[in-house]
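All remarks here apply to the structure that follows.
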Amino acid sequence: HNVGSLMHLFNCDILIQKSLSEPYLEVWYNKHFILKIVEGCNAVSVVILFISFVIAFSGKFKTTLLFILSGVIFIYVLNVIRIALLTVLLFRYPEKEHILHGVLFPLIIYGLVFILWVIWVNKFSKYAEMQLNSGFSGKEVAEKMLHDNGIFDVRVMSTDGQLSDHYNPSDKTV
């Protein structure tokens, strides 16, 4: 198992073995049973979610395929590191199992996948370089949308950058 290989690189006393009676792997660290690796720990659901999103906003075939392959490898490696770190942290802080396993590590893995999605949509997807067909600027489109909906007290300002737009309620600017 790759988690064991990673931990052996750091001279950890790790044993990962198949359970004799159940469909999971047992992880023993420093001669203590620490955790079970079950089917849901393999990050397959995260990989499926990642691939689905990239395909939904696909770009050029080769770019899409390369991004998916590199993303899947990244998620796999990240998951191996996650399980190794979780093993060590649960050994040291067993009372923190809920926060480590249920909150912190899902937040990290889903957060990093979300960042991959943002990179994909803004740099590589078919929407990354989409130009407005109307010939209007983004500012002009925003002003028209506001006015069409009866909003006349919000000022639209142009800014540089991607995903740099926001609404400031204190001075009513977008």
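The values are calculated or read from the model by the stated rules, or taken from the named source; none is laboratory data. Just so we're clear, the structure is a prediction, and the values are computed from it rather than from any experiment. Using ideal geometry, Cβ is built from the backbone for each residue, glycine included, and neighbour counts are taken over all protein chains shown. Remember, those area values only see protein heavy atoms, side chains included, never the ligands or the DNA or RNA. Shrake-Rupley method; radii C 1.70, N 1.55, O 1.52, S 1.80 Å.
Some notes on this structure:
- Förster radius 30 Å - calculated FRET efficiency between CYS12 and VAL118, Cβ distance, rounded to 0.05: 0.30
- For the chain, the longest principal axis of the alpha carbon atoms and the long axis of helix 138-148 meet at an angle near 70°.
- Ellipsoid semi-axes in whole angstrom, largest first, where each is sqrt(5λ) of the Cα gyration tensor of the range 25-74: 34, 11, 5
- Phi-based couplings in Hz for the range 79-91 (Karplus 6.51, -1.76, 1.60; Gly and Pro marked x): 5, 4, 4, 4, 5, 5, 5, 4, 4, 5, 5, 5, 5
- Under Karplus coefficients 6.51, -1.76 and 1.60, residue-wise ³J(HN,Hα) of the range 4-19 in Hz, glycine/proline x: x, 4, 4, 5, 5, 4, 9, 6, 7, 7, 10, 9, 10, 9, 6, 5
- Amide H contacts of ALA43 (H built 1.01 Å from N, under 5 Å, at least 5 apart or other chain): none
- Table column - 3J(HN,Hα) (Hz), the range 93-108, Karplus curve with 6.51, -1.76, 1.60, x for Gly and Pro: 10, x, 6, 9, 4, 4, 5, 6, 7, x, 10, 4, 5, x, 4, 5
- Descending semi-axes in whole angstrom, ellipsoid equivalent of the range 1-159, from the Cα gyration tensor: 45, 19, 12
- Whole-number accessible area per residue in Å² for the chain, which is evaluated in the context of all protein chains at 1.4 Å: 69 Å²
- At R0 = 35 Å, FRET efficiency that the Cβ-Cβ distance of LYS62 and ASP160 yields, to 0.05: 0.70
- Between 0 and 90°, nearest 10: helix 44-56 axis offset from the chain longest Cα axis: 20 degrees
- In whole percents, the pair-distance distribution calculated for the range 44-108 from its alpha-carbon pairs, binned every 10 Å from zero, is 20, 40, 23, 14, 4.
- Segment SER19-ILE99, length gained on full extension (0.36 nm per residue, minus Cα span): 26.3 nm
- Amide H contacts under 5 Å for VAL156, placed H, 5+ residues apart: VAL174
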